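**Student:** Structure provided below as structure tokens; questions to follow.
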Amino acid sequence: MTRPSSLRPDLIDAALASVRKLGTPLWLYEANLIRERAGQLAMFDCVRYAQKANSNTHVLRLLRSLGVFVDAVSLGEIERALVAGYDPHSPAHEIVFTADIIDEATLQRVVELGIPVNCGSPDMLRQIGQKAKGHPVWLRINPGFGHGHSRKTNTGGPSSKHGIWHEEFEDSLRLVDEYGLTLIGLHMHIGSGVDYAHLHKVCDAMLDAVRRADRPLQAISAGGGLSLPYKAGEPEIDIAEYHAAWDRTRREAEAITGGPVRLELEPGRYLVGNAGILIAEVRAVKKVADKHFVLIDAGFSDLARPAMYGSHHDIAFVTAAGEPVAGPETPIAVAGPLCESGDVFTQQEGGFVEFREMPLPKTGDFAILRDAGAYGATMSSNYNSRPLAPEVMLDGGALTVIRKRQSIAQLLALEEGAGPL
Ligand SMILES: *Cc1c(COP(=O)(O)O)cnc(C)c1O
């Protein structure tokens, strides 16, 4: 699959049909693209979706129907997985809980359901061990180095809060033994983005950990972080090469442990990132010095990635009739409605506003922010008391509302009936 440089007319039609019914801003996902991505990963023994990328229960149902398992990072995400039909009691462990801490309510629930816990700190092992002898666990290891497309997405190395620091690995194994926990496997999720030299370093670190563990293991997990093209012409990652490196690692792990080892992958954005768009209406077009700001009715309360990481999202403008906006190109920054100067969709890491050469839209046109299927709706907030936007799924020409727009009444409801503690 290559990422098309322009939006397909049928997708624009679906977007406009959706906003005519539900208004803007609005998220639209394409089921077929999610299916296609899942199909590309079929060579892995187990694909475990990191649902924090997009945890809508209908997205989870779709992935479940494709044989994809799920990772949860909170009690809420466990409950979502259950609502979507995942069976926590299946021997294959359809749900895994991954985190660096576990609170009491979550601990209670994982023990009740027998959900394996991928532990990112020795304290977690103690807390689980004290509660439930024999509970299945994974160890998430920070091998001492990281990688990532932004400082904020780097998940390894001495500045990362994630995982068990490699020097605490032996202590963690001792805790596993002391509490009689069942060690399922070892896990490394080292930042997002793929660079093949780096990949081999991670695979070597995994083998080092397998040797040091010195015991049978059911599985190893390569974590997530498969990169996606966010700009036209950007390359797709070579899944076959990525799989080959990890499959070699798995076979070496089998030689070390003397038993079969399952290879798991834990992608988030790879499965859903390119499959979603955010549609907003152009409400103002302002001239500022010799450039323009186009202001739309979505903000970083909807799509936070540009403000948070300086992430790039291609933006296309279309008219209310669905025609791409045409005309001479001029420098444009696209920004939202929030009372916050960082509420700009065209910015680079560090907050530098980027002006893109594009034909100037007019009010009443629509802005389509592309590749917003991952870390889009799930990172939305109610900042400025703006309700969460609705989500729609396009599947084989049919449009389904998979989340309604939040109402302002719902947003205020938690503050009603205030009373003494
Ligand atoms: C976020 C996360 C992932 C997914 O990362 P992507 O970059 O979206 O693939 C996988 N595993 C864990 C533990 C995570 O926290």
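FYI, it's all coordinate maths here, none of it is from the lab. Keep in mind it's a predicted model, so treat the numbers as computed, not measured. Quick reminder, even Gly has a Cβ in these numbers, built from the backbone with ideal geometry, and neighbours come from all protein chains shown.
**Student:** Across 5 Å bins from the origin, how do the percents of Cα pairs in segment 369-410 run, short distances first?
**Tutor:** 5, 18, 24, 27, 15, 7, 3, 0
**Student:** For q = 0.19, 0.21, 0.22 Å⁻¹, what log10 I(q)/I(0) does segment 1-143 give under the Debye formula with an equal point scatterer on each alpha carbon and no solvent?
**Tutor:** Scattering profile of segment 1-143, log10 relative to I(0): -1.10, -1.25, -1.33.
**Student:** For segment 208-330, just run the numbers: alpha carbon Rg, then divide by 2.2 N^0.38 Å, N being how many residues it has.
**Tutor:** Details: Rg = 22.8 Å, N = 123, 2.2 N^0.38 = 13.7 Å.
That ratio works out to 1.66.
**Student:** Could you give the length gained on full extension between GLU104 and CYS339, defined as 0.36 nm per residue of separation minus the Cα-Cα distance, in nm? Intermediate results must be reported in sequence, preceding the final value.
**Tutor:** Values: separation 235, 0.36 × 235 = 84.60 nm, distance 3.74 nm.
Stretched fully, the GLU104-CYS339 segment lengthens by 80.9 nm.
**Student:** Can you report the principal axis dimensions of the chain using only the alpha carbons, biggest first, rounded to whole angstrom?
**Tutor:** Each principal axis gives a Cα extent; for the chain these are 66, 58, 41 Å.
**Student:** I want the local charge near GLY373. Using Cβ-Cβ distances under 9 Å, sum +1 for each Lys or Arg and -1 for each Asp or Glu among the other residues.
**Tutor:** Values: positive: ARG269; negative: GLU30, ASP371.
With Lys, Arg at +1 and Asp, Glu at -1, the neighbours total -1.
**Student:** Grab the chain and count how many Lys pairs have their alpha-carbon atoms under 22 Å apart, sequence gap of 8 or more, or different chains.
**Tutor:** Close lysine pairs found across the chain: 12.
**Student:** From the Cα trace of segment 138-264, what convex hull volume per residue do you get, rounded to a whole Å³? Walk me through the numbers on the way to the answer.
**Tutor:** On the way: hull volume 12.4 nm³, N = 127.
Hull volume normalised by residue count: 98 Å³.
**Student:** Can you tell me how much longer the chain between GLU234 and ASP171 gets when fully stretched, taken as 0.36 nm per residue apart minus their C-alpha distance, in nm with one decimal?
**Tutor:** On the way: separation 63, 0.36 × 63 = 22.68 nm, distance 4.32 nm.
Gain on extension, GLU234 to ASP171, equals 18.4 nm.
**Student:** Measure nothing but the geometry: give the 0 to 90° angle between the long axis through the Cα atoms of 196-213 and the longest principal axis through the Cα atoms of the chain, rounded to 10°.
**Tutor:** That helix lies at roughly 30 degrees to the long axis.
**Student:** Using the Cα centre of the chain as origin and beta-carbon charges of +1 (Lys, Arg) and -1 (Asp, Glu), tell me which of LEU183, HIS198, ALA275 is placed farthest towards the positive end of the dipole.
**Tutor:** Ranked along the dipole, the leading option is ALA275.
**Student:** Moving on to the next point. Among HIS58, ALA42, THR257, which residue has its Cα furthest toward the positive end of the charge dipole of the chain, with +1 on Lys/Arg Cβ and -1 on Asp/Glu Cβ?
**Tutor:** The residue sitting farthest along the positive end of the dipole is HIS58.
**Student:** Name all residues of segment 229-257 having a backbone nitrogen under 14 Å from the label point set 7 Å from the Cα of ASP45 along its Cα→Cβ direction, giving them as ranges.
**Tutor:** Output list for this probe position: 246-257.
**Student:** Could you run the Debye sum over the Cα atoms of segment 98-191, one equal point scatterer each and no solvent, and tell me log10 of I(q)/I(0) at q = 0.11, 0.13, 0.25 Å⁻¹, two decimals?
**Tutor:** One equal scatterer on each Cα of segment 98-191 leads to -0.30, -0.41, -1.20.
**Student:** OK, next. Magnitude of the Cβ-charge dipole of the chain, K/R +1 and D/E -1, about the Cα centre, nearest 20 debye?
**Tutor:** Details: 42 positive and 52 negative charges, 111 e Å.
Here the chain has a charge dipole of around 540 debye.
**Student:** Rounded to two decimals, what is Rg over Rh for segment 273-399 when you use alpha-carbon atoms and the Kirkwood radius? Intermediate results must be reported in sequence, preceding the final value.
**Tutor:** Numbers: Rg = 14.1 Å, Rh = 14.9 Å.
Reported Rg/Rh, Kirkwood definition of Rh: 0.95.
**Student:** Additional query: Assuming 0.890 mPa s and 25 °C, estimate D for segment 191-265 with Stokes-Einstein, Rh taken as the Kirkwood radius over Cα pairs, in µm²/s. Write out the running numbers ahead of the final one.
**Tutor:** Working: Rh = 13.2 Å.
Result for D is 186 µm²/s.
**Student:** A follow-up question, please. Using only helices, what value at 222 nm comes out for the chain when you add -39,500 (n - 2.57) per DSSP H run of length 4 or more and divide by the total residues, to the nearest 500 deg cm²/dmol?
**Tutor:** That comes out to -8500 deg cm²/dmol.
**Student:** Next question, about the same structure. Local charge sum around ILE220 (other residues, Cβ-Cβ under 9 Å, Lys/Arg +1, Asp/Glu -1)? Please report the intermediate quantities before stating the final value.
**Tutor:** Working: positive: ARG250, ARG262; negative: GLU264.
Net charge around ILE220: +1.
**Student:** Using all Cα-Cα distances in segment 342-381, what percent lands in each 5 angstrom bin from 0 up to the longest?
**Tutor:** Histogram of Cα-Cα distances, whole percents per bin: 5, 15, 17, 30, 22, 11, 1.
**Student:** Still on this model: Just the Cα atoms of segment 46-86: what Rg and Dmax do they give in Å?
**Tutor:** My reading of the Cα-based Rg and Dmax gives 8.6, 24 Å.
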